[in-house]
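Working notes, structure below.
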Ligand SMILES: Cc1cc2nc3c(=O)[nH]c(=O)nc-3n(C[C@H](O)[C@H](O)[C@H](O)COP(=O)(O)OP(=O)(O)OC[C@H]3O[C@@H](n4cnc5c(N)ncnc54)[C@H](O)[C@@H]3O)c2cc1C
């Protein structure tokens, strides 16, 4: 007599039932049939649960999570997992179970808002991990010192969230690496002083009354690293920076979304004019809305739907000096208003950057090559863009020649007016959350909230200054 287990006995061991389900037959074909039926039932409940919203503050939840947990707890890990596989398989096969498809890390910033509308969300990411393209290259900085009230409001929403991130998301003790050490824009000439005075007056008029205008001596009194040549500065103490990777992972964790890595979107499925699904390298996903958040690739992806989205990717670089004892750890983001060279404390050293207005528009790419001249432009005191112009200690840093540095490069996905495209596009079923033009960290929360609210009709087009069909007026390059 053979000791080999029967297939039903093997299935019993592989898929044990929890004590809660001991009323089912312990072995045999009837048990498998019962387990399968329960798995199918829980798949259906999971889909149903996505549409039952509990509107608790600050992050509403759906019943979906409960049914996922119940599946495991009541019918056991094996049958429970099978139920979720069935749910995912049906969605991937094209049933419109997933209401929102989104690409990109800032797809995940969308999700709490989408959940509150009872939508279940799938994030597609073509690379093997989240947050590996533009976002981790960024300086992670945020400021309210903008030249228009709309962007101030957009970023303000983000800063409000960053300040209460753990509480709002329910991620107890979650650390964004938030530092609010201020943005200090320094000017060394009379024209710069006049421009700053006009800006600060405008900003105060828009209710941004905590921007200070500091005479040169007071700048040096508060920030001893600033050069005698600085005549004046504008300063807002609560501007600052955070860790972009921590922010993205926090958004993703809080979202509860299904995240599909190594799943490039390759096209759209249409029903008449409407988009009803996304083709991916791993199959098709049916959905009611697709949110496009593919960073510098958003223009290319929009083209698949026949949408001409004006996006102009340009290379932006960041100099990373991991260790530099000269850097005052409590100093603000220090910006030379005339050259736009700027630096801030980071790691045990600094990040330093400048915007090169002559950087050409390029194709979107996953491999942006840095150029060593960028580092010399910032570090060499003889360069007109040297950091030493307003912070003289950089001269000693250059003369000692000792710090290790590396360059990182990514792309700014500029729109012609340097404002993002947020909300439904001209293509039915395609919603935009892209074109952040270099402000995608600071504007991610406000922008994603706005895109979802516009998608759901919670705000009218007139209430959305970033709607994709706005009248677009070209703007000169922003200084940061
Ligand atoms: C040097 C530098 C400094 C910066 N500093 C700041 C700063 O201080 N503050 C600030 O607010 N902003 C800053 N930015 C801008 C900010 O980094 C971007 O606006 C932001 O990262 C954009 O995020 P994203 O999620 O839209 O794009 P990305 O981070 O590029 O993510 C897009 C994702 O979409 C994925 N994807 C693309 N196509 C597909 C597809 N077909 N299928 C599936 N997935 C796809 C990509 O793999 C990628 O992971 C800086 C940018 C640079 C380059």
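In summary, residue 309 fulfils each of the numbered conditions (1) free of Cβ contacts under 8 Å to residues at least 12 places away in the same chain; (2) in a loop (DSSP other than H, G, I, E, B); (3) under 24 Å from the mean Cα position of the chain (by Cα) with the single exception of condition (1). Checked against (1) more than 10 Å from the ligand (Cβ to nearest atom); (2) assigned to a helix (DSSP H, G or I); (3) under 16 Å from residue 146 (Cβ atoms), residue 447 meets all criteria but (1). Among the residues of region 242-271, the one identified as on the phi > 0 side of the Ramachandran plot and either at pLDDT below 95 or not assigned by TED's automatic domain parsing to the domain that holds residue 447 (or both) is 256. Checking each residue in region 203-243 for being assigned to a helix (DSSP H, G or I) and either exposed (fewer than 14 other Cβ atoms within 10 Å of the Cβ) or without any contact (Cβ under 8 Å) to a residue 24 or more places away in the chain (or both) picks out 204, 205, 216, 217, 218, 220, 221, 222. Considering each residue of region 273-294 in turn, at least one proves to be outside any strand (DSSP E or B), modelled with pLDDT of 95 or more and crowded, with 16+ Cβ neighbours inside 10 Å. Can you tell me which of 441, 452 is outside any strand (DSSP E or B), within 11 Å of the ligand (Cβ to nearest atom) and crowded, with 21+ Cβ neighbours inside 10 Å? Going through 441, 452 in turn, the sole match is 441.
Residues in region 145-168 include none that are buried (at least 16 other Cβ atoms within 10 Å of the Cβ), assigned to a loop (DSSP other than H, G, I, E, B) and within 7 Å of the ligand (Cβ to nearest atom). Among the residues of region 388-410, none is identified as within 16 Å of the ligand (Cβ to nearest atom) and either in a helix (DSSP H, G or I) or assigned by TED's automatic domain parsing to the domain that holds residue 442 (or both). Inside region 441-469, residues that are within 19 Å of residue 428 (Cβ to Cβ) and over 18 Å from the mean Cα position of the chain (by Cα) make up a count of 12.
The values are calculated or read from the model by the stated rules, or taken from the named source; none is laboratory data. Everything numeric in this text was worked out from a predicted model, so none of it was measured. No Cβ is skipped: glycine too gets one built from the backbone with ideal geometry, and neighbour counts run over all protein chains shown.
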